[in-house]
Amino acid sequence: MKGERYLPRIQKASIPEDGVWATYLEKPVLFLSIPEWQEVIESNDEATRFVWMFDREQDAYLFCFQCLSGQEYAIAFPKEHAGMLLRDERSYELFSFFITSKELEEVTESSNLLQIHDISLQRHPKAGW
């Protein structure tokens, strides 16, 4: 699988209910709350392959990934909603996603999180943002 290009087959994406930038081990992390993902977060599945896409019609970036289990997921970042998080200066360097199904205020050190590391967003030329 290493070096193989990931082409997602997923047909729907979830929009985070909330998000906030933080620093963990001196690296930027984007915490996201996606309540409908409780099952994957509790399963401790691990993301192995991912890719960014841009949906021109929806004016949204899509982060698509596949887990070890083979399940695929996608996060939508519409420009005027979650996309605002991607305009933060920290999104221009390598960062991580820490995803919870809880409200962000409820997350503790013992909370299950789906962690995806070493993410780099290549801006789409047609996006303009």
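Of the residues examined, ALA76 is not one that is open to solvent by less than 80 Å² (accessible area, probe 1.4 Å), closer than 23 Å to PRO35 by Cβ and in contact with a Pro (Cβ under 7 Å, 6 or more places away or on another chain).
The number of residues in the stretch 30-45 being among the polar types (S, T, N, Q) and over 9 Å from SER101 (Cβ atoms) comes to 2. Considering only the stretch 96-113, state which residues are within 14 Å of GLY19 (Cα to Cα) and open to solvent by less than 70 Å² (accessible area, probe 1.4 Å). The answer is SER96, PHE97, PHE98, ILE99, THR100, SER101, LEU104, VAL107, LEU113.
Taken over the stretch 1-22, the criterion of being out of contact with any His (no Cβ under 7 Å at 6 or more places or on another chain) and open to solvent by less than 100 Å² (accessible area, probe 1.4 Å) is satisfied by GLY3, TYR6, PRO8, ILE10, ALA13, SER14, PRO16, ASP18, GLY19, VAL20, TRP21, ALA22.
The values are calculated or read from the model by the stated rules, or taken from the named source; none is laboratory data. Bear in mind the structure is a predicted one, so any value in this text is a computation, not a measurement. Cβ: placed from backbone, ideal geometry, glycine included. Neighbour counts: every protein chain shown. Side chains included, ligands, DNA and RNA excluded: accessible areas come from the protein's heavy atoms. Shrake-Rupley method; radii C 1.70, N 1.55, O 1.52, S 1.80 Å.
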